[in-house]
Amino acid sequence: MDAGQLESRKTRARSWFERLRDDLCAAFEALEDEAPPALYGATPGRFVRTPWNRTDATGVPGGGGVTALMKGRLFEKVGVHVSTVFGEFAPEFRAQIPGAENDPRFWASGISLIAHLTNPHVPAVHMNTRFVVTTKSWFGGGADLTPVLDARRTQDDPDTQAFHAAMRAACDAHARVAPYEKFKTWCDEYFYLKHRQEMRGVGGIFYDYLDSGDWDADFAFTQEVGRAFRNVYPQLVRRNMATPWSEAEREEQLVRRGRYVEFNLLYDRGTIFGLRTGGNVDSILSSMPPVVKWP
């Protein structure tokens, strides 16, 4: 692959992540507008976008991104962030990244989303997709659903079934490069809290190091994941947002959020990657719930 082709691929990937960010922010702001005032108050939230820049391990400028954060009435806290970073990996990190062992230069662009809802009946959710370039290149990402009430954390819950169906459809549309059962199992195994011997949520899909040899096919699948998420998650929010909740359900939600914090700080690759590559700390840690309890 020549340099011009690689730059074209970088531009296409970055543009897609930014366009998906804009679509998701618009969809979530529309849900803020629709939320019943009797449950959520009268003033809808809006995203605040904040640009940031970074330096790489050698101290030179290395790209940056934009955090888009909304603290609303329906969405207690939601972040939809894009970043495009480049430079050199720190020496202690190089051996862990394919293609960086002997050449530490890298480029990475992606979108990362986390939503924590005010209403315990609406599941929390996470989605991210990314394109990474070292001496190799690949796509990674996925999406997973985290209901916060034990009664809804089942595989036969309507929300769980709808979410899984959307992720399966995204994979099946690109079955040559995206085997659904493999990516579903990968998600179940990845989003698992070993110290508690429990899953973080009800699953979804997870994939990494996707390089089938057909870049256009890999990119098309990654776009499909974003579109599938953009379509299904607002449906789940609308389905549940008018359901009243009790103080006991709010308490259960806050305790469940503690598991989310534990996973992100102990196991999450994205958190580790961002912190080790000089990413924006506020953006990286915006995945943390705004209110949480450990009983």
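Please determine, by comparing only the residues of region 90-103 that are open to solvent by 20 Å² or more (accessible area, probe 1.4 Å), in a loop (DSSP other than H, G, I, E, B) and over 28 Å from Ala143 (Cβ atoms), which one is modelled with the lowest pLDDT.
Applying the filter and picking the extreme gives Ala95.
Would it be correct to say that Val66 is β-branched (Val, Ile, Thr) and within 13 Å of Ser286 (Cα to Cα)?
Yes.
Quick one: in region 268-287, of everything that is part of a helix (DSSP H, G or I) and in contact with a strand residue (DSSP E or B) (Cβ under 7 Å, 6 or more places away or on another chain), which residue is surrounded by the fewest Cβ atoms within 10 Å (Cβ to Cβ)?
My answer is Asp282.
In region 217-253, what count of residues is obtained for those that are of a type outside the set (Asp, Glu), in a helix (DSSP H, G or I) and under 24 Å from Trp294 (Cα atoms)?
Residues that pass the stated criteria total 3.
For region 115-148, give me each residue that is under 12 Å from Gly201 (Cβ atoms) and either part of a loop (DSSP other than H, G, I, E, B) or of a type in the set (Val, Ile, Thr) (or both).
Result: Pro123, Val125, Thr146, Pro147, Val148.
Those residues that are more than 30 Å from Phe86 (Cβ to Cβ) and open to solvent by 60 Å² or more (accessible area, probe 1.4 Å), I need them from region 40-65; list them, please.
Ala42, Thr43, Arg46, listed by residue number.
Can you name the residue in region 164-193 that is in contact (Cβ under 8 Å) with a residue 12 or more places away in the chain and part of a loop (DSSP other than H, G, I, E, B) and is also surrounded by the most Cβ atoms within 10 Å (Cβ to Cβ) among such residues?
Filtering first and then ranking leaves Ala178.
Scan region 149-163 and tell me whether some residue there is assigned to a helix (DSSP H, G or I), surrounded by fewer than 15 Cβ atoms within 10 Å (Cβ to Cβ) and among the β-branched types (Val, Ile, Thr).
no
For region 244-267, what are the residues that are touching a residue at least 40 places away in the same chain (Cβ under 8 Å), more than 21 Å from Tyr40 (Cα to Cα) and open to solvent by 70 Å² or more (accessible area, probe 1.4 Å)?
Selection gives Leu266 alone.
The values are calculated or read from the model by the stated rules, or taken from the named source; none is laboratory data. Fair warning: this is a prediction, and the values are worked out from it, not measured in the lab. Positions of Cβ are generated from backbone atoms using ideal geometry, with glycine treated the same way; all protein chains shown enter the neighbour counts. Side chains are part of the model used for accessible areas, which takes the heavy atoms of the whole protein and leaves out ligands, DNA and RNA. Shrake-Rupley method; radii C 1.70, N 1.55, O 1.52, S 1.80 Å.
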